[in-house]
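The structure under discussion appears below in the form of structure tokens.
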Amino acid sequence: MKRCYSLKRNKEFRRTYRVGRSHGAKCMVLISALRNKGEVKIGFSVGKKLGNAVVRNRVKRRMREAITPLIPQIKDGAKLIFIARQPIVEESFINISQSMRYLLKKAELLCESAPQDAQGERDTQ
RNA sequence: CGAGUAAGACAAGUGACCGCGCUUCGUGCGAGGAAAGUCCGAGCUCCACAGGACAGGGUGCCGGGUAACGCCCGGUGAAGGCGACUUCAAGGAAAGUGCAACAGAAAUAAACCGCCGCUUUGCGGUAAGGAUGGAAAGGCGAGGUAAGAGCUCACCGACGCUUCGGCGACGAAGCGUGCCCUGUAAACCCCACCCGGAGCAAGAUUGAUAUGAGAGCAUUCAAUGGUCGUCCGCCACGCUCCCCGUAAUCGCUGGAAUAUGCAGGCAACUGCAUAUCAAGAUAGAUGGUCACAUAAACAGAACUCGGCUUACGGCUUACUCGGUUU
RNA sequence: GCUGGUGUAGCUCAGUAGGUAGAGCACGUCAUUGGUAAUGACGAGGUAGUCAGUUCGAAUCUGAUCACCAGCU
């Protein structure tokens, strides 16, 4: 995941929290806000309760790696925040990326196009 | 074989595909021994080139090392352990002040009981004995005495002096003093030495907003600020509350650097020569999936170094004690 | 990253130039009441976040460590 897709400023985080709608899964929560213009921006929030710095970094890295193949399919102007929950620490990579797909589908942020979907399927294998 | 003591290095690598940051654009480089805690010491930066006095803080056996240190090395002394070995904030209590609960006759100064003597409602001598206590007037034995007492003597301890050894802390030997002052300085304190303050969110440059709006106080002194706690001294200048705004670049990695060899030193460490350049992010990079029998502990750089402390995995070497066998 | 502060009974807090650790609320028992509340009496509950050190003796002094809280953009 390139740096330019990441959600950075505290202000943007606050705006997304205020405007966005939330969807939950077992190991993470998605907060999403759809704006008309702009690029896709994705932020990750990993709280201190999950563990020490090594654990938190690993969670962030795996979440970033899981979202990367999905970025082209996300609608323009989407601002996303993924909040990690305790079970993600023990979760396998495949489950993480599947639950991300599930959350994005639930939030209706994926573009509907068959070949990209097929690509996603191949990735999960 | 068991129990222990000390020291040391390593704590991940290779390949495939897909990624991330830096970039001299080349498939070049890319977390640790503790990156951690922030407990010390420095570099660097700014504040009056940091001035005076008083506070305040730190260190505290000796010698050496170091840019510096509260760190390290080698010694001395004390304490612990059968031992290998380990630990120690280890100056001064005769400069002064304070504190020592309870118990005990008595706690820093002694006569409550006891013992002895006498001129016996008492007076005097006496610290050998007396359930306490952390600490009770050097210990123990002999002589001595009315009873006792370093009163006298031997040994041990303490203190002082001299000589010798050592750079020194100190040690050894000899002589003398009957021994007149308990503990606590990690209580205040005294002595010696050290410390200006803040910290990369330091600070510099370029922008933007703009001398912003409202309320209160003051308009000579003063007050306030300029990074010291107080005073002096110096400089600047209206101050306080509240609302709005606060971006980018640099600082940012070549350094008391690392590796190897030689030399000096018991060692810590130092000198010389050669070679090398090895993360630099800014919501914060080092990853994901798989294979190699199998990757497992503690753990993630944020200005940089030197230490200390704490967390933790398996391994190697040397030594000590005990048991068994030869 | 840097700088401060706090840990004492179930809860909220006292107490410190070192000497048997206390208050209020809450809890238990008894009294009071026809019964409950309020009230009164009695009682239980702590080794002071943890581990070392100094001291005869540590909640208090010193060091290390753990947890929590606050401030600086």
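The values are calculated or read from the model by the stated rules, or taken from the named source; none is laboratory data. Values in this document were obtained by computation on a predicted structure and should not be read as measured data. Note that each Cβ is placed from the backbone with ideal geometry, even for glycine, and that neighbours are counted across all protein chains shown.
Name the one entry in A:N57, A:N95 that is under 17 Å from A:R3 (Cβ atoms), of a type outside the set (D, E, K, R) and surrounded by fewer than 18 Cβ atoms within 10 Å (Cβ to Cβ).
Every option except A:N57 fails the conditions.
Being within 14 Å of RNA strand B (Cβ to nearest atom), over 13 Å from the mean Cα position of the chain (by Cα) and on the phi > 0 side of the Ramachandran plot is the requirement here; does A:G51 meet it? Don't jump to the end; show me each part of the working.
Working: within 14 Å of RNA strand B (Cβ to nearest atom): yes; over 13 Å from the mean Cα position of the chain (by Cα): yes; on the phi > 0 side of the Ramachandran plot: yes.
Taking the combined requirement at face value, the residue satisfies it.
Condition test on A:L30, is it within 14 Å of RNA strand B (Cβ to nearest atom), within 14 Å of A:L104 (Cα to Cα) and modelled with pLDDT of 80 or more? Give the steps one after another, and end with the answer.
Values: within 14 Å of RNA strand B (Cβ to nearest atom): no; within 14 Å of A:L104 (Cα to Cα): yes; modelled with pLDDT of 80 or more: yes.
No.
Using beta carbons and a limit of 6 Å, which pairs, at least six apart or on different chains, have the first residue in region A:58-86 and farther than 23 Å from A:G47 by Cβ and in contact (Cβ under 8 Å) with a residue 12 or more places away in the chain and the second one in a helix (DSSP H, G or I) and of a type in the set (D, E)?
A:P69/A:D123
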